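Here the structure is laid out as structure tokens; the discussion comes afterwards.
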Amino acid sequence: MGRPRPLLSRLAIAAGLLLCAGAPVRAGAADGVAPFGPARTAGSPTGMVVAATSQAAAAGAAALSAGGNAVDAAVAAAFALAVTYPEAGNLAGGGFLVVRQRDGEVLALDFRETAPAAIRSSSFLGPDGKVVEGASTRTGLAVATPGTVRGLEAVHRRLGKLPWKSLVAASARLAREGFPVTAGLAKHLVSERAVFAPHPESLRLYFPGGRPLAEGALLVQPELAGTLDAIAERGSDAFHDGPVARRIAEFVRSEGGGLTAEDLRAYRPVWRKAFSFDFGRWRLHTMPLPSSGGFLLASILGQLSRVGWTPAMLETAEGAHLVVEAERRAYAERNRWLGDADVVDVPLGKLLAPGHLDVLARSIDRAKATPSAGIDGGLGGPAERPETTHLSVATADGEAVSLTYTLNGVFGNGSIVPGVGVLLNNEMDDFAVAPGRPNLFGLVQGTQNAVRPGARPLSSMTPLIVLEDGALRFVLGSPGGSTIPTTVLQVFLRAGPGGRPLAEAVAGVRLHHQHLPDVVDVERDFPAGTAKGLRSMGHVVKGREPIGMVHAVERAPDGLLTGAADPRGPGVPAAPPVRQAPR
Ligand code: DON
């Protein structure tokens, strides 16, 4: 159980008062460090949505107050993000969601992009047999077959309550009428200008008159509005089939890619059994393959439970060392063995077998770092700026949706399809385009994750739902590429076994290790004593920031909800208005 909240804060939550929007509840993590300040929080006795923009959180909250369920809220918020958060919100990307229904049933939906039928690993090689720089991130070849629109439709068809049209039409309006550019988006347009430079349609929209849209300028997207109108009317076929699909395919071909209208038409999301396991009295529900998130959490937590990790070790060098060593081993296996289990054989059972976890745990030296080179060979590499987005929804009666979706790189491959108004993904880079060569996230992966027609690239996205003693407790997830599972892990360890309020766990300082490069990444203000302790055990500790951007909801045993948006990003919690009881 979490530490009891201060009385005042509980009363405020019970009264449904919005505690956020510039009025942070806490000054920072109590005994940890909150390098980016406090999380933005809000309380509600009924429902909560946390997303990257105020419009998306509000769209989700509006769906809840219109009588919709958590799925309606997530669908409305995801469409609003496609309009208001072009960095990662999308129609032409893909993702995962885990949903918990009121009766406790948990389902997982995979709407991850797939490799177009005509693309092979060799498509990315030049005449010299070497990978063409940027081919998997900046060209038409980077574009994988999108899954978002089919995915949102699939979850809504199965579990939604409100009319589809009403959920999508609100975002079409937002695209048509425009919304004021946020400080964050204005900054990203400037910092990512090079990404847009080869793409006239993107320049026309984001750099009118050659100048980047400034904070407060209205971003109006009539083409995107038209596409959303069509989706509102005719469902996902309006995107995946017919004129829109043909325009997307023609455009991608003109940019040197191989995506066809048939790839778009044939795309299907897949309902999967959630990846579920226990850690003490906590039950974790997250994504199975092609996300590596479930495997990584289970392997790391399985190792920690075997090396005697306890919550008292949180924020100590000893605890950080054990976490890093478990991460190192789990990521080495991820990169070597994991891929799309529908297409290649993945020995997941062996990797997570108790005996194997015993072996991994025994190989951890409690006092000394194990060099990654001793576990597996390979190279590390630099990372470009990535972006993904996560949204969390929970209701007092125990419904939850944890949804992470992405274009992969920030603004995907940077191109907007003329007449359609959507940014295209560069998800092909999540494959091991050339096994052994580091990708955008510095991940060094093997042939299990090579490009195969129709396969889904291995992902790190880890939408998570956590129960405590059988009751819904936390909903969370994050962007951050390869750092997603370790971000989610640290928030869980602090808020779950560590007993901290979720908002503090979200704000707390983070570290990350992914086997290769053999470095412990730490954020600013990482406690000097812990870093010194890690170095004395032989770890290379390097600054990097920020790590992740968590959007989370905590549900107290009495059903009260607290939304927490990471101070590392622009996210916002929103709740449906509390109805006053008639006097
Ligand atoms: O699926 C994955 O693992 C990546 N495409 C996620 C990209 C990402 O998180 C970028 N965000 N910061």
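The values are calculated or read from the model by the stated rules, or taken from the named source; none is laboratory data. This one's a predicted model, so the numbers in the text were calculated from it and none came from an experiment. So basically every Cβ, Gly included, is an ideal-geometry build from the backbone, and we count neighbours across all protein chains shown. Surface areas here come from the heavy atoms of the whole protein model, side chains and all, with no ligands, DNA or RNA. Shrake-Rupley method; radii C 1.70, N 1.55, O 1.52, S 1.80 Å.
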Next on the checklist: Anything in region 155-177 that is open to solvent by 80 Å² or more (accessible area, probe 1.4 Å) and within 20 Å of ARG102 (Cβ to Cβ)? List them, or say none.
Outcome noted: ARG157, ARG158, LYS161
Item to check | Boolean, ALA61 is surrounded by 24 or more Cβ atoms within 10 Å (Cβ to Cβ), farther than 30 Å from ASN439 by Cβ and in contact (Cβ under 8 Å) with a residue 60 or more places away in the chain | outcome: yes
Next on the checklist: I'm checking my understanding of the structure. Among residues of region 453-464 that are crowded, with 20+ Cβ neighbours inside 10 Å and of a type outside the set (Gly, Ala, Ser), which one is farthest from the ligand (Cβ to nearest atom)?
Outcome noted: LEU464
Next on the checklist: Can you tell me how many residues within region 185-198 are touching a residue at least 40 places away in the same chain (Cβ under 8 Å) and surrounded by 15 or more Cβ atoms within 10 Å (Cβ to Cβ)?
Outcome noted: 5
Checklist entry - Has region 372-393 got any residue that is of a type outside the set (Asp, Glu), more than 10 Å from the ligand (Cβ to nearest atom), open to solvent by 10 Å² or more (accessible area, probe 1.4 Å) and modelled with pLDDT of 95 or more? => result no
Checklist entry - If you check THR137 against the conditions, is it more than 16 Å from the ligand (Cβ to nearest atom), within 20 Å of the chain's Cα centre (by Cα) and either open to solvent by 30 Å² or more (accessible area, probe 1.4 Å) or among the polar types (S, T, N, Q) (or both)? => result no
Checklist entry - Across region 64-80, what is the total count of residues that are among the hydrophobic types (A, V, I, L, M, F, W, C) and surrounded by fewer than 24 Cβ atoms within 10 Å (Cβ to Cβ)? => result 1
Next on the checklist: Looking only at strands (runs of 3 or more DSSP E) that lie completely in region 199-286, which have at least 2 residues being open to solvent by 30 Å² or more (accessible area, probe 1.4 Å)?
Outcome noted: 270-272, 275-279
Item to check | Unique match (being under 19 Å from the mean Cα position of the chain (by Cα), farther than 21 Å from ASN335 by Cβ, more than 16 Å from the ligand (Cβ to nearest atom) and surrounded by 18 or more Cβ atoms within 10 Å (Cβ to Cβ)) among ALA505, ALA556, ALA531 | outcome: ALA505
Next on the checklist: Suppose we filter region 72-115 for residues that are among the hydrophobic types (A, V, I, L, M, F, W, C) and within 13 Å of the ligand (Cβ to nearest atom); how many remain?
Outcome noted: 3
Next on the checklist: Would you confirm, using the coordinates I've provided, whether LEU493 is in a helix (DSSP H, G or I), away from the ligand (no atom under 14 Å from the Cβ) and not β-branched (Val, Ile, Thr)?
Outcome noted: yes
Checklist entry - So PHE474 fits all but one of (1) in a strand (DSSP E or B); (2) of a type in the set (Phe, Trp, Tyr); (3) within 16 Å of the ligand (Cβ to nearest atom); what number is the exception? => result (3)
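Condition check ((1) away from the ligand (no atom under 14 Å from the Cβ); (2) part of a helix (DSSP H, G or I); (3) surrounded by fewer than 24 Cβ atoms within 10 Å (Cβ to Cβ); (4) at pLDDT 95 or above) across all residues:
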| residue | (1), (2), (3), (4) |
| --- | --- |
| ASN425 | no, no, no, yes |
| PRO435 | yes, no, yes, no |
| VAL444 | yes, no, no, no |
| VAL466 | yes, no, no, yes |
| SER478 | no, no, no, yes |
| PRO485 | no, yes, no, yes |
| ARG500 | yes, no, no, yes |
| PRO517 | yes, no, yes, no |
Checklist entry - Scanning for something of a type in the set (Val, Ile, Thr), within 22 Å of the chain's Cα centre (by Cα), open to solvent by less than 10 Å² (accessible area, probe 1.4 Å) and within 30 Å of GLU192 (Cβ to Cβ), does region 105-121 turn up at least one residue? => result no
